[in-house]
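The values are calculated or read from the model by the stated rules, or taken from the named source; none is laboratory data. Just so we're clear, the structure is a prediction, and the values are computed from it rather than from any experiment. Here Cβ is always computed from backbone atoms with ideal geometry, including for glycine, and neighbour counts include all displayed protein chains. Calculation scope for accessible area: heavy atoms of the full protein, side chains included, ligands and nucleic acids excluded. Shrake-Rupley method; radii C 1.70, N 1.55, O 1.52, S 1.80 Å.
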Amino acid sequence: MISSDEMKIVMGSISDMSMEDITKVSEMIKMRRSMLGNKLLRTIDVGDKVSFEGRGGITVFGKVTKVMVKNIVVDTGEVRKWRVPATLLTKVA
C-alpha cells in the first residue's frame, strides 16, 4: 500500500496526462488487478470462511463451496449461493 503523500503525487500526475497516457495507465491497472486476483485465488480453498460487501453495502459472511477460474462460490446459509470475484473476498480467521 502506498502512503497518502505518494497517492497525492500519483493523482497530480494523472491530472496532467494525455488520453494516450491514461489508456496506458489504465491497462497497467487492469493487469495489476488481474495479478492480485489470481494471487488471492490461489490462497482460497473450499471450506475457508470469507466475507465480502454485498448489495446495499452489507458485509456478508460465508463459506467457500467451489473455486472456479475467475469466481468463488460462497454459501452464506441463505437460499442462494453467491458467485463472487476473488478480488472482492476477504478471508475471515
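Tally up the residues in region 3-14 that are of a type in the set (Val, Ile, Thr) and open to solvent by less than 90 Å² (accessible area, probe 1.4 Å), please. Spell out the reasoning first.
Applying the first criterion (of a type in the set (Val, Ile, Thr)) to region 3-14 yields 9-10, 14.
Going one step further and asking which of them are open to solvent by less than 90 Å² (accessible area, probe 1.4 Å), we end up with 10, 14.
So the count comes out to 2.
Identify, please: which residue in region 43-54 is open to solvent by 60 Å² or more (accessible area, probe 1.4 Å) and within 15 Å of the chain's Cα centre (by Cα) and is, among those, modelled with the lowest pLDDT?
Residues of region 43-54 open to solvent by 60 Å² or more (accessible area, probe 1.4 Å): 43, 45-46, 49, 53.
Of the ones still in play, those that are also within 15 Å of the chain's Cα centre (by Cα) are 43, 53.
On the way: Thr43: 88, Glu53: 92.
The extreme case among them is Thr43.
Filter region 15-42 down to the residues that are open to solvent by less than 80 Å² (accessible area, probe 1.4 Å), modelled with pLDDT of 90 or more and of a type in the set (A, V, I, L, M, F, W, C) and list them by number.
Residues satisfying the conditions are Met17, Ile22, Val25.
Among the candidates Val73, Val64, which residue alone is at pLDDT 95 or above, touching an Asp or Glu at 6+ places or on another chain (Cβ under 6 Å) and open to solvent by less than 100 Å² (accessible area, probe 1.4 Å)? Talk me through it step by step, then tell me what you get.
Details: Val73 fails: touching an Asp or Glu at 6+ places or on another chain (Cβ under 6 Å).
Every option except Val64 fails the conditions.
Among the residues of region 12-40, which ones are farther than 30 Å from Lys91 by Cβ and assigned to a helix (DSSP H, G or I)? Before the answer, list the steps.
In the first step, residues of region 12-40 are kept if they are farther than 30 Å from Lys91 by Cβ; the result is 12-24.
If the condition is that a residue be farther than 30 Å from Lys91 by Cβ and assigned to a helix (DSSP H, G or I), then Gly12, Ser13, Ile14, Ser15, Met19, Glu20, Asp21, Ile22, Thr23, Lys24 are the ones that fit.
State whether one or more residues within region 26-49 are touching a Ser or Thr at 6+ places or on another chain (Cβ under 8 Å) and of a type outside the set (A, V, I, L, M, F, W, C). Walk me through how you get there before you give the answer.
Filtering region 26-49 down to residues touching a Ser or Thr at 6+ places or on another chain (Cβ under 8 Å) leaves 33, 36-37, 40, 46.
Going one step further and asking which of them are of a type outside the set (A, V, I, L, M, F, W, C), we end up with 33, 37.
Yes, region 26-49 contains a residue that is touching a Ser or Thr at 6+ places or on another chain (Cβ under 8 Å) and of a type outside the set (A, V, I, L, M, F, W, C).
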